[in-house]
Amino acid sequence: MSKDDDTRKPTELDHAEKHGEKRESDNDDVVAKDREKGASASDQAEASVRPERGARGERGEGDGPPPKRILRTLYWALWFGFVPFGMACLLVWALTPASGVEHSGVLGWAESWVRDQPVPMGIVTFTLFEVALWAVRHRLPLAFHAYPPLRAGLPNSMRGPFDRARALLEEAEDILERNHDAIVRDVSAKEREKLQADLEALEESMEREPFNEDAFVDALVKADGEVDVRLGRWRKSEVREYAESIFVAIAVAMALRFFVVEAFKIPSGSMIPTLQVGDHIFVNKFTYGPAIPWTQKRFWSRMPPERGDVIVFAYPEREEQDFIKRVIAIPGDKLEVRGGHPIINGWEVPSCSAGTYSYVESQDTSRHDGELFVEFLEDEAYLTLYDHVSSSPDYQGPFYAKPGEVWVMGDNRNNSHDSRMWWNYQGGGVPYKNIKGRALFVWLSLGDQFDRSRIFAPVMGRPPARGPFGPLPETMRSLEPNIEKCLRNRPPLERTRPPPGGQVVK
């Protein structure tokens with residue numbers, strides 16, 4: 001190539017080539033810009049269904065000092081723990097009829113439900129009281145200081161609306177996250193942008209300094225209306241939320257009743273003095289393995305119960321009735337009874353006389369007197385009563401506990417329909433499948449009168465059974481020194497265990 005070729009003037013072809021390159025570059029720029037626009041539009045669409053976290057996430061900490069921890073704990077424990085619990089207990093107590101009293105109509109129906117299932121009814125009423133207190137939570141004492149995370153200096157009249165605004169933002173965010181695809185499909189981009197703008201305006205009004213009540217209320221009304229219109233199909237109504245809460249409470253109550261703990265009422269005096277007529281007790285259904293509902297099996301069995309356990313079971317002759325007695329004999333044991341005192345495998349259960357005990361059984365105006373004993377069986381020490389007036393024969397037995405059953409007796413030995421009398425006085429045991437659980441403690445005592453001394457009194461434990469809220473009744477208080485003397489002179493454990501059983505009837 002010559003020098004002239006290097007320095008020649010541009011030809012029309014060169015202009016055309018450069019022009020073509022410029023057009024291609026321009027086209028590339030257009031494509032790139034289109035991509036950017038598309039990406040921007042996509043980002044905007046995504047952003048329109050992903051509200052930013054602002055005031056609803058960090059407001060409480062950024063707008064002022066947090067409430068004192070002790071006030072917050074006191075607020076929640078008081079108003080959503082102790083108060084609804086106390087109100088529920090009071091209502092259950094008020095709806096529990098006195099012994100022998102029956103009402104008709106709605107009151108009678110409510111009383112029958114409370115009497116038969118006090119624990120589930122207590123849990124349901126506890127939930128209802130909590131819902132009512134939650135509705136007025138901003139007006140409760142300590143709420144201004146303890147309820148987080150509302151901004152500092154907020155007027156009392158705005159605490160409720162401010163909390164609703166925070167809940168609205170959280171609800172919108174939750175709906176948008178859980179229903180992202182459906183919202184993109186069914187709600188137009190323009191509508192989503194409008195929704196996002198109103199939510200952001202609400203957040204800004206919540207963070208504005210100084211706080212403008214009118215602007216905040218206006219933004220709240222607009223945002224709530226926009227959420228209701230655009231996201232209404234995915235929102236939960238208040239009725240649904242309350243219904244779900246009540247349903248969960250009932251489900252939890254029934255699960256507890258089936259597997260963990262159940263409440264029973266003592267209708268007779270067969271377990272006096274350990275249990276009194278009108279005592280309401282909790283029974284641990286987990287001790288021997290939780291039963292599988294509507295079956296005769298347990299998830300993991302811990303049978304048999306130990307001698308001395310107080311158990312609730314379905315009466316073998318009429319399984320729709322529940323009985324409560326004390327386990328005396330286990331499979332393989334030979335049981336005899338002389339003067340009401342049990343003899344296991346030829347060994348008499350050791351006991352100690354504690355004096356004369358008097359009581360009046362429900363619906364019976366006559367007074368009963370009997371000899372009170374402290375009985376020692378394996379690890380347990382408990383009170384038994386031998387009524388001076390008895391129609392039972394002096395000797396009963398021998399009885400033999402078969403595999404898969406235990407034999408039981410009431411602590412009121414001469415006034416108890418127990419294993420000795422069943423099956424037309426032939427005697428009978430309690431099959432494992434009939435056992436519902438072991439008695440825990442008295443949670444309410446409503447005999448002839450309210451007895452606060454028995455509240456939280458353990459059914460099994462050091463006698464006499466007492467709770468933390470009052471002295472023992474006079475009839476038992478006068479015998480307490482004798483009972484304590486018997487306990488101090490308790491036989492060693494090796495002398496409170498019967499010899500192993502040998503004869504078993506299959």
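A few notes on this one:
- The range 201-217, residues that are under 40 Å from the mean Cα position of the chain (by Cα) and either surrounded by fewer than 14 Cβ atoms within 10 Å (Cβ to Cβ) or not aliphatic (A, V, I, L, M) (or both): Glu203, Glu207, Phe216
- Criterion applied to Pro491, Pro468 was being part of a loop (DSSP other than H, G, I, E, B), modelled with pLDDT of 85 or more, more than 14 Å from Thr274 (Cβ to Cβ) and assigned by TED's automatic domain parsing to the domain that holds Ile272, and the one residue passing it is Pro491.
- Selection of the range 376-398 for residues being aromatic (Phe, Trp, Tyr) and surrounded by fewer than 22 Cβ atoms within 10 Å (Cβ to Cβ) yields Tyr386, Tyr395.
- Those residues of the range 430-457 which are in a loop (DSSP other than H, G, I, E, B) and touching an Asp or Glu at 6+ places or on another chain (Cβ under 9 Å), in sequence order: Gly447, Asp451, Ala457
- The range 453-469, subset more than 24 Å from the chain's Cα centre (by Cα) and surrounded by 14 or more Cβ atoms within 10 Å (Cβ to Cβ), residue nearest to Val312 (Cα to Cα): Ala465
- Output for the range 165-183, where each listed residue is surrounded by fewer than 12 Cβ atoms within 10 Å (Cβ to Cβ) and either in a loop (DSSP other than H, G, I, E, B) or of a type in the set (Lys, Arg) (or both): Arg178
- Restricting attention to the range 224-264, the residues that are assigned to a loop (DSSP other than H, G, I, E, B) and hydroxyl-bearing (Ser, Thr, Tyr) add up to 1.
- Gly225 being over 30 Å from the mean Cα position of the chain (by Cα) and at pLDDT below 85: no
- Filter result for Met121 (within 19 Å of Lys265 (Cβ to Cβ), modelled with pLDDT of 70 or more and in a helix (DSSP H, G or I)): yes
- Extreme residue, nearest to Ser453 (Cα to Cα), among residues of the range 265-317 that are charged (D, E, K, R), part of a loop (DSSP other than H, G, I, E, B) and modelled with pLDDT of 85 or more: Asp309
The values are calculated or read from the model by the stated rules, or taken from the named source; none is laboratory data. Bear in mind that the values here come from a model prediction, so they are computed numbers and not experimental data. Every residue, glycine as well, gets a Cβ built from its backbone with ideal geometry; the counts of neighbours run over all protein chains shown.
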